[in-house]
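A short write-up of the structure that comes next.
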Amino acid sequence: MAAFVCVLLCSNLIGVSKVVTVAGFTFGGGNLFFPLSYLFGDILTEVYGYARSRRVVWAGFGSMIFASLMSWIVVTLPAADGYTGQAALEQIFGSTPRIVAASIFAYFVGELTNSYILAKLKVRTEGRFLWMRTIGSTLGGEAIDSLLFYPLAFYGTWSNDLLVKVMLANYVIKVGWEALATPLTYRVVNYLKKKENEDYFDRDTNFTPFSVKV
């Protein structure tokens with residue numbers, strides 16, 4: 001959970017609005033690391049079940065709200081005489097309320113969608129085909145996240161062409177990350193299942209997102 005929240009906060013505070021081009025491929029800089037949160041979400045859901053993963057998602061949700069509030073307060077406080085870093089601080093941490101709200105909302109819906117799909121597929125496949133379940137859940141969760149975040153955050157401020165280009169590129173990167181990390185996912189999942197003696201199946205789970213009960 002600590003690693004999940006750390007990745008989530010860093011990827012949303014560092015580079016969320018910076019667009020980079022590498023080898024002719026244009027994408028959001030922060031999205032090099034954001035997919036790691038989905039990797040952690042997949043592992044948590046696979047081993048411990050949807051309800052525990054949902055609790056972690058809520059922890060991330062609260063952490064993002066606090067980080068956004070803290071950033072706003074620090075940036076807004078009047079700078080002392082002689083302090084020359086205000087402009088740089090505003091540029092780095094002064095995300096608009098629109099971007100912050102879009103990020104928090106897209107994260108919450110996308111992560112829960114990812115966990116829901118993985119949990120349902122685990123029951124449907126009787127625990128087989130982990131690679132299919134992790135990649136399939138990421139396809140769904142990241143699609144929801146991207147379709148919500150970029151239009152909500154940047155529509156009208158970016159050109160439509162750039163918006164679509166970045167949204168599609170980021171989606172490919174996020175799903176690609178999950179596919180490349182599949183061998184690591186298998187190793188971590190197998191280790192935790194053996195170590196924790198846990199392999200939860202969500203057969204009778206209440207899938208409401210508005211709960212932190214396990």
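The values are calculated or read from the model by the stated rules, or taken from the named source; none is laboratory data. Note that this is a predicted model, so its numbers are computed, not measured. Cβ: placed from backbone, ideal geometry, glycine included. Neighbour counts: every protein chain shown. What goes into the accessible areas is simple: the full protein's heavy atoms, side chains included, and nothing from ligands, DNA or RNA. Shrake-Rupley method; radii C 1.70, N 1.55, O 1.52, S 1.80 Å.
Observations on the structure shown:
- Solvent-accessible surface ranking, highest first, for 150, 83, 48 at 1.4 angstrom: 83, 48, 150
- Accessible-area rank, largest first, for 50, 155, 200, 186: 155, 200, 186, 50, with all protein chains present and a 1.4 angstrom probe.
- Calculated on C-alpha atoms, the gyration radius of the stretch 68-205 divided by its Kirkwood radius gives an Rg/Rh of 1.12.
- CD proxy at 222 nm, helix term only [per DSSP H run n ≥ 4: -39500 (n - 2.57); per residue of the chain; nearest 500]: -24000 deg cm²/dmol
- 3J(HN,Hα) from dihedral phi, the stretch 102-108, Karplus parametrisation 6.51/-1.76/1.60, rounded to Hz, x for glycine, proline: 4, 5, 5, 5, 5, 4, 4
- A 1.4 Å probe run over the stretch 86-214, with the rest of the protein chains in place, finds 57 Å² accessible per residue.
- Restraint check, 120/165; 122/195; 122/165, Cα-Cα greater than 28 Å: 120/165; 122/165
- Candidates 1, 104, 74 compared by Cα position along the dipole of the chain: farthest toward the positive end lies 1, with charges placed on Cβ.
- Counting only protein heavy atoms and using a 1.4 Å probe, the accessible area of residue 144 comes to about 60 Å².
- Size-normalised alpha-carbon gyration radius of the stretch 43-104, reference 2.2 N^0.38 Å: 1.58
- Per-residue surface analysis assigns residue 18 an accessible area of about 130 Å², computed on protein heavy atoms at 1.4 Å probe radius.
- Largest-first ordering by accessible area, 1.4 Å probe, given options 33, 4: 33, 4
- Per-pair calculated FRET efficiency, R0 = 22 Å: residue 10 and residue 89 via Cβ, rounded to 0.05: 0.80
- Each Lys or Arg adds one and each Asp or Glu takes one away; over the other residues whose Cβ falls under 9 Å from the Cβ of residue 207, this sums to +1.
- Of the solvent-accessible surface of the stretch 58-214, computed with a 1.4 Å probe and all protein chains present, 66% belongs to carbon and sulfur.
- Contour excess over end-to-end distance, with Cα ends at residue 128 and residue 74 and 0.36 nm allotted per residue: 14.6 nm
- Tail weight of P(r) past 13 Å, computed on alpha-carbon pairs of the stretch 146-212, percent: 76 percent
- Reduced Cα scattering model of the stretch 1-118, Debye log10 I(q)/I(0), q = 0.11, 0.13 Å⁻¹: -0.43, -0.57
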